[in-house]
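For reference, the structure discussed in these notes is given below.
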C-alpha cells in the first residue's frame with residue numbers, strides 16, 4: 001500500500017504549478033461548454049474538470065487519511081464530489097473540483113521556492129590547508145588538519161581552520177563571519193577564523209579549532225538548525241477541517257433522515273465545501289505580495305506576511321542595512337604647516353596603488369590623482385609608504401609611523417584623532433618626511449532614510465534592535481544617531497542567533513534584517529527574515545523570507561503596515577465565508593437550494609472574496 005501511495009505522490013508532483021495551471025484552463029473551458037451546451041457531445045464535459053481537478057483532491061484526501069488519519073478540507077470536498085456524482089449532478093461536482101483546485105494553485109504559488117543557501121555557504125568551506133612540517137610545506141585537505149598544526153596562509157587564500165597567528169602581519173576580510181565592511185589588521189597573537197580571506201600579507205598560524213568545530217562549519221549547522229525550527233502556518237480551512245467535516249456529515253445525515261430527500265443532503269455537502277474559506281487566505285496573500293513587489297520587495301515565503309503582522313521586535317544588522325556599507329572620508333585634519341587639501345592630496349596619491357579597501361576609499365573620495373608616485377610600498381597590516389612631490393609619505397596606523405623608530409612622532413601629537421577612533425571610525429595617520437602632518441577619518445555613512453524608518457517602525461508599535469559584528473563604539477555611535485535603545489555589538493553569527501532566540505523565548509515575534517553571509521543563520525532563525533537584495537550576499541538572500549531588491553529601506557514601514565492590512569482582509573474574508581456557508585446550509589436544509597444553484601452560490605462567494613482581496617493590490621497607507 002505504501003509503495004502505491006508513493007507512486008501516486010510522485011505522479012501528483014510531476015509538472016508542478018505549470019501542470020495545475022494547464023489543468024485549470026482546460027477544466028474551465030470544459031465547464032463553460034457544459035453549462036451552455038455549445039456542442040452536442042455524447043458526454044457531459046464537466047467530467048473533464050472532475051478528472052483533472054477532482055481526482056488529485058480525492059487522491060490527496062485518501063493518502064492523508066490512510067497514512068496519518070489527517071482530516072483536511074479536501075476530505076469534505078471529496079465527500080461532496082462523490083455524493084454529487086452518485087445522484088448525477090455532474091456539473092456541480094466539476095464546479096466544486098475546479099474552485100478547490102484554484103484555491104490549491106494559489107496556495108502552491110505562495111509556497112517557498114527551493115533555496116540553495118546552505119549549498120552556497122558550503123562553497124566558502126576551505127578545501128585545502130598548507131601545513132608546515134619541519135620547515136616543509138605540505139598541502140592537505142582542510143578536514144585533515146589537527147589541533148596544534150602549523151599552517152601557512154598566503155595572500156588571497158582562505159583561512160582553513162580557526163587558530164591564532166604565530167608570525168606575520170596581514171589584513172583579513174572577516175565579512176563572512178562578522179559582516180564588517182572593512183578588513184581587520186592582524187598580527188602575532190590575533191585570532192583568525194575559517195572561511196575568512198587573507199588579503200595581503202603571508203602569515204603562519206596554529207590550528208585551534210578544526211573540522212566540525214571550525215567557525216564556517218558551525219555557521220552551516222546554525223543555518224540548518226534555524227530553518228528546521230521555523231514553524232509553518234497551517235491553512236485556516238485545514239485547521240478547522242475536522243469540525244467542518246463532522247458538522248457537514250451530521251447536518252446532511254439528519255436532513256436525509258428527517259426529510260427523506262437525498263438531494264437535500266447532497267446539496268448540504270456541496271454548499272458546506274469551504275471554497276470561499278480556502279480562497280480567503282491565499283488570495284489576500286497573493287494580492288499583498290503583488291503590492292509588496294511594486295514597492296521593491298520579493299516575497300519568497302507565502303506565509304511571511306502573515307508572520308510579519310505579528311512581529312513585535314525588528315533586529316537590524318548595521319553594515320549595509322542601516323548604513324551604506326562603504327567607507328567614506330568624513331574628516332581631514334592637519335597638525336602641521338600643510339593644509340587639509342595638501343594632506344588629502346598626498347595621501348590619495350600615496351594610496352593610488354593600494355589594494356586595501358581603505359586606501360581605495362581615500363582615492364575614490366578624493367577623485368582624480370594626477371601626482372606621480374615613486375617607491376610605492378605596501379606594508380601589510382600597517383599602511384603604505386611612497387615618494388610624492390619629492391617627499392616621503394607614510395599613511396597608515398601608528399605602527400607604521402613608529403616602525404624602526406625612524407620618526408619622532410608621539411601619540412599625543414595625534415590626540416585629536418582619538419575621539420574619532422573611540423567612536424569606531426577608521427583613522428589614517430599621515431607623516432611627511434617622518435614628521436607628523438595630519439590624519440584622515442573614514443566612517444561608514446548612515447543611509448539617508450534610516451532615521452525616518454526607525455521612527456516609523458516605533459510608531460507602528462515595533463521595537464528596533466541593533467545586532468552588529470562591529471565594535472561597541474561604532475555600534476553605539478550609530479544607535480545614538482538613529483535613536484535605537486537596544487544594542488548588541490561584537491556579534492558573531494551564533495551571538496545573533498542567541499539574541500533572537502532569547503527574544504522568542506520571551507514571547508516576542510522577531511524580524512531580522514541583514515545583508516551579509518554572517519546574517520544567514522539569524523535570517524533563518526527569525527520569525528521573518530528580510531535580506532537586502534542590492535548589496536546583500538546570495539546566501540543572505542537565499543536564507544531570507546523576503547528580499548528588499550533595491551535596498552530602499554524607506555519601504556520597510558510600508559511592508560509592516562501592508563502585512564497588518566492583509567491580515568484584516570483575511571479576517572473579513574473568513575467571516576464572510578462562514579456567514580455565507582451557514583446561510584447556504586440553512587437554505588439547503590429547507591430545500592430552497594439544489595446542488596447546481598448551491599455550487600453557483602459558492603461561485604459568487606468565491607468571487608466576492610477574490611474582489612475584496614484584490615483591493616490590496618493598490619493599497620497604500
Kindly list the number of the only condition in (1) surrounded by 17 or more Cβ atoms within 10 Å (Cβ to Cβ); (2) at pLDDT 80 or above; (3) over 30 Å from residue 203 (Cβ atoms) that fails for residue 131.
(3)
Given (1) at pLDDT below 90; (2) in a strand (DSSP E or B); (3) surrounded by 16 or more Cβ atoms within 10 Å (Cβ to Cβ), identify the lone condition not met by residue 194.
(2)
May I ask you to list the residues in region 359-391 that are surrounded by 17 or more Cβ atoms within 10 Å (Cβ to Cβ) and either assigned by TED's automatic domain parsing to the domain that holds residue 156 or in a strand (DSSP E or B) (or both)?
373, 376, 378, 379, 383, 384, 385, 386, 388
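For region 468-476, check the following and say yes or no: at least one residue is farther than 30 Å from residue 312 by Cα, surrounded by 15 or more Cβ atoms within 10 Å (Cβ to Cβ), at pLDDT below 85 and more than 24 Å from the chain's Cα centre (by Cα). Show your work before the answer.
Filtering region 468-476 for residues farther than 30 Å from residue 312 by Cα gives none.
No: zero hits.
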Going by what's in this entry, would residue 103 be described as modelled with pLDDT under 75 and farther than 28 Å from residue 518 by Cβ?
yes
Criterion violated by residue 524 - all others in (1) buried (at least 24 other Cβ atoms within 10 Å of the Cβ); (2) outside any strand (DSSP E or B); (3) without any contact (Cβ under 8 Å) to a residue 40 or more places away in the chain satisfied:
(3)
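If a residue must be closer than 17 Å to residue 320 by Cα, surrounded by 24 or more Cβ atoms within 10 Å (Cβ to Cβ) and either within 18 Å of the chain's Cα centre (by Cα) or modelled with pLDDT of 90 or more (or both), how many such residues does region 487-510 contain? Before the answer, list the steps.
First, the residues of region 487-510 that are closer than 17 Å to residue 320 by Cα: 487-493, 496.
Those left that are additionally surrounded by 24 or more Cβ atoms within 10 Å (Cβ to Cβ): 491, 493, 496.
Still in the running and either within 18 Å of the chain's Cα centre (by Cα) or modelled with pLDDT of 90 or more (or both): 493, 496.
Looking only at that region, the number is 2.
Give 284, 207, 226, 288 a once-over and let me know the one that is modelled with pLDDT of 80 or more, closer than 30 Å to residue 496 by Cβ and not in a strand (DSSP E or B). Walk me through it before giving the result.
Numbers: 284 fails: closer than 30 Å to residue 496 by Cβ; 207 fails: not in a strand (DSSP E or B); 226 fails: modelled with pLDDT of 80 or more.
Exactly one residue qualifies, and that residue is 288.
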Of all residues in region 317-351, which are surrounded by fewer than 24 Cβ atoms within 10 Å (Cβ to Cβ) and assigned to a loop (DSSP other than H, G, I, E, B)?
335, 336, 337, 338, 339
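The values are calculated or read from the model by the stated rules, or taken from the named source; none is laboratory data. For clarity, every value in this text was computed on a predicted model and none was experimentally measured. Methodologically, a virtual Cβ is constructed for each residue, glycine included, from the backbone with ideal geometry; neighbour enumeration extends over all protein chains shown.
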